[in-house]
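Colleague: Here it is: the structure, laid out below.
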Amino acid sequence: MVKFRSDIVGIDASIIMNPTVWEKSGHVKEFTDPLIECKICHQRFRADKAEEIKEHEKTHKEKVSWTEPKKFNLLLEAFVGVVEPKEKAYLRGEITQGAFVNFENVVSSTRVKIPFGIAQIGKAFRNEITPGNFTYRSREFEQMELEYFVHEKEADKWFKYWKKERIKWYQSLGMKKTNLRFRNHETHERAHYAREAEDIEYKAPFGWSEFEGIHNRGDYDLSAHNLVYKGESEQFTPWVIEASGGVDRSALFFLIDAYHEEKDRIVLKLHPKLAPYKVAVFPLLANKPELVLKAQKIYDDLKKEFNTAWDDRGNIGKRYFAQDEAGTPFCVTVDFNTLEDDTVTVRDRDTTKQERVKVSNLSAHLTFKLA
Ligand code: GAP
């Protein structure tokens, strides 16, 4: 969003902001989940999570009765300053508000014009009632968001546009189309700021699960913070179309789609852009100094351009399988031929095919293949 588009700029806002930001944004009052408590064991659950409630009921022999749902605020509190009593602040419950309170800074420093977007990645914190499902629901997590500022009359158009763009993006990085769907929020489900909300859901082993929300936030936030857009010939409060994704949730789902068990190996067919290592370098034998030295030189050179792994343990087959499990798209082996003709073996993770490549051409070869 930030590198390839000229209508979107990136920021990195604060995690702890003045608490009035969260009062104005409505989070102090409205950022709640419905909480119920099991009257037998006093465990607490979200009243809107029927599956989790059902599961819990099975853990008791006697019939469970529940307390009435009450609103539980999700903001995590922090206490700041050196004078007692310390001032109450909040860890950000969504990274979003940082984009809004920096709206004027962005407009005046980058001279963007409506329609334009502010994108951001960063940690958010929520005092979740029931964290769980691996990294799916945690109290500290990473969000990636776009706040796209538009004219009110164009809000619908941009809402549809960003829905399409976002689902395309997940597919382009390896999520299977059949594992993805949209789900529109009923009015009563929407967050306090949303006029319209559509989730992107993934067919997880624990059921269809939301991992990105496309929201029409109207002029809710900018109005709450008393902010307006001042263009060359116009002054108004823009509407906001938001794409708000979870880095942890999408990483979990990318992993699920990438995981393959084949006849004789387990392989993580991650998109090269997502693979933690792009290439691994091995000397064929760890006890031949001439091979190790040559491999080390290649490793040092590749490291400047790619995230590169090194492995000289065990036999070559085991090293290939270890990199397959980590999702490394290419492995480079330095053998005795390398010392003679300056070529190496490059093995492709997905096909397991190997080819000889000149060391002088290795970096260009990998750049081409990884793209
Ligand atoms: N700014 C809008 C917003 O925060 P949200 O639907 O509450 O919207 C956006 O959160 C995304 O953040 C979710 O789609 C999800 O991927 C991620 N997310 C929310 N709560 C999370 C949690 N407790 N653990 C992991 N990810 C979470």
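The values are calculated or read from the model by the stated rules, or taken from the named source; none is laboratory data. Small disclaimer: the values here were computed from a predicted structure and weren't measured. Cβ sites come from the backbone with ideal geometry, for glycine too, and all protein chains shown count toward neighbours. Please note that ligands, DNA and RNA were not included when accessible areas were found on the heavy atoms of the full protein model with its side chains. Shrake-Rupley method; radii C 1.70, N 1.55, O 1.52, S 1.80 Å.
Colleague: Given the whole protein assembly as supplied and a 1.4 Å probe, what does the accessible area of Ser6 come to in Å², nearest 10?
Modeller: 120
Colleague: While we're looking at this one, here's another question. With every atom except the alpha carbons ignored, what do you get for Rg and Dmax of segment 297-371, in angstroms?
Modeller: 11.8, 32
Colleague: For segment 41-154, restrict the atom set to alpha-carbon positions and state the Rg and Dmax in Å.
Modeller: Cα radius of gyration and Dmax of segment 41-154 are 20.2, 65 Å respectively.
Colleague: For the chain, what is the calculated [θ] at 222 nm in deg cm²/dmol (nearest 500), taking -39500 (n - 2.57) for each run of four or more DSSP H residues and dividing by its residue count?
Modeller: On the way: 12 runs with 109 residues, N = 371.
Rounded to the nearest 500, the figure is -8500 deg cm²/dmol.
Colleague: Restricting to Cα atoms and excluding each atom paired with itself, what does the Kirkwood estimate give for segment 196-268 in Å?
Modeller: Answer for segment 196-268: a Kirkwood hydrodynamic radius of 15.5 Å.
Colleague: Taking 18 Å as the cut-off for C-alpha to C-alpha distance, list the pairs among Lys113/Lys160; Lys123/Lys160; Lys177/Lys269; Lys113/Lys153; Lys168/Lys203 that go past it.
Modeller: Checking Cα-Cα distances, Lys113/Lys160; Lys123/Lys160 exceed 18 Å.
Colleague: Can you tell me the FRET efficiency between Asp48 and Glu355 if r is taken as the Cβ-Cβ distance and R0 is 56 Å, rounded to the nearest 0.05?
Modeller: So the FRET efficiency works out to roughly 0.55.
Colleague: Using only the C-alpha atoms of segment 146-297, find the volume of their convex hull and express it per residue in Å³. Don't skip to the end; give the middle numbers.
Modeller: Details: hull volume 28.2 nm³, N = 152.
For segment 146-297, the hull spanned by Cα atoms encloses 186 Å³ per residue.
Colleague: Let me check against my output: what whole-number percent is the relative contact order of segment 46-155, with C-alpha pairs under 8 Å and at least 6 apart?
Modeller: On the way: 122 pairs, mean separation 24.8, N = 110.
Normalised by residue count, the contact order of segment 46-155 is 23 percent.
Colleague: Could I ask something else about it? For segment 139-206, what does the relative contact order come out to in percent, with C-alpha contacts under 8 Å and a separation of six or more?
Modeller: Value for segment 139-206: 24 percent.
Colleague: Taking springs between alpha-carbon atoms closer than 10 angstrom, which of His56, His260, His225 fluctuates most in the Gaussian network model of the chain?
Modeller: Among His56, His260, His225, the largest mean-square fluctuation in the Gaussian network model of the chain belongs to His56.
Colleague: Please identify every one of the GluC sites (Glu not before Pro) in segment 1-97 that sits in a loop by DSSP and has no more than 10 other beta carbons within 10 Å of its own beta carbon.
Modeller: Here the GluC sites (Glu not before Pro) that fit, given the DSSP loop and packing criteria, are Glu62.
Colleague: Let me ask you something else. Lys71: which aspartates and glutamates have alpha carbons under 13 Å from its alpha carbon, excluding same-chain residues fewer than 8 sequence positions away?
Modeller: Straight-distance partners of Lys71: Glu30, Asp33, Glu37, Asp48, Glu128.
Colleague: Counting pairs of alpha carbon atoms under 8 Å apart in space and at least six apart in sequence, what relative contact order in percent does the chain give?
Modeller: For the chain, the relative contact order is 12 percent.
Colleague: A further question on this structure: How far, in degrees from 0 to 90, does helix 247-258 lean away from the longest principal axis of the Cα atoms of the chain, to the nearest 10?
Modeller: Result, in degrees: 40.
Colleague: For a bin width of 10 Å, list the pair-distance distribution of segment 232-371 built from all Cα-Cα distances, rounded to whole %.
Modeller: Going from the shortest bin to the longest, the percentages are 11, 37, 27, 11, 6, 5, 3, 0.
Colleague: Could I ask something else about it? Please list log₁₀ I(q)/I(0) at q = 0.17, 0.18 Å⁻¹ for segment 1-86, using the Debye equation with identical point scatterers on the alpha-carbon positions.
Modeller: So the normalised log intensities work out to -0.85, -0.88.
Colleague: Under 19 Å between alpha carbons, and skipping anything fewer than 8 positions from Lys263 in its own chain: which lysines qualify?
Modeller: Of all the lysines, those that pass the test against Lys263 - Cα under 19 Å, at least 8 places apart if same chain - are Lys318, Lys353.
Colleague: Going Cα to Cα from Lys63, which lysines come in below 17 Å? Please leave out same-chain ones fewer than 8 positions away.
Modeller: Lys39, Lys54
Colleague: Further question: Pulled fully out, how much extra length does the chain show between Val28 and Lys153, if you take 0.36 nm times their separation in residues and subtract their Cα-Cα distance?
Modeller: That works out to 42.0 nm of additional length.
Colleague: Taking N as the number of residues in segment 64-105, what is its Cα Rg relative to 2.2 N^0.38 Å? Present the calculation step by step, with values, prior to reporting the outcome.
Modeller: Details: Rg = 16.5 Å, N = 42, 2.2 N^0.38 = 9.1 Å.
Cα-based Rg divided by the globular estimate yields 1.81.
Colleague: What three numbers, in Å, describe the spread of the alpha carbons of segment 93-140 along their principal axes, ordered from the longest?
Modeller: In descending order, the Cα extents are 43, 15, 13 Å.
Colleague: Once Rh for the chain is found with the Kirkwood sum over Cα pairs, what is the Stokes-Einstein diffusion coefficient at 25 °C and 0.890 mPa s, in µm²/s?
Modeller: 102
Colleague: Once the piece of chain linking Glu234 and Glu77 is laid out straight, how much longer is it, given 0.36 nm per residue of separation minus the C-alpha distance between them?
Modeller: Length difference between fully extended and current span is 52.6 nm.
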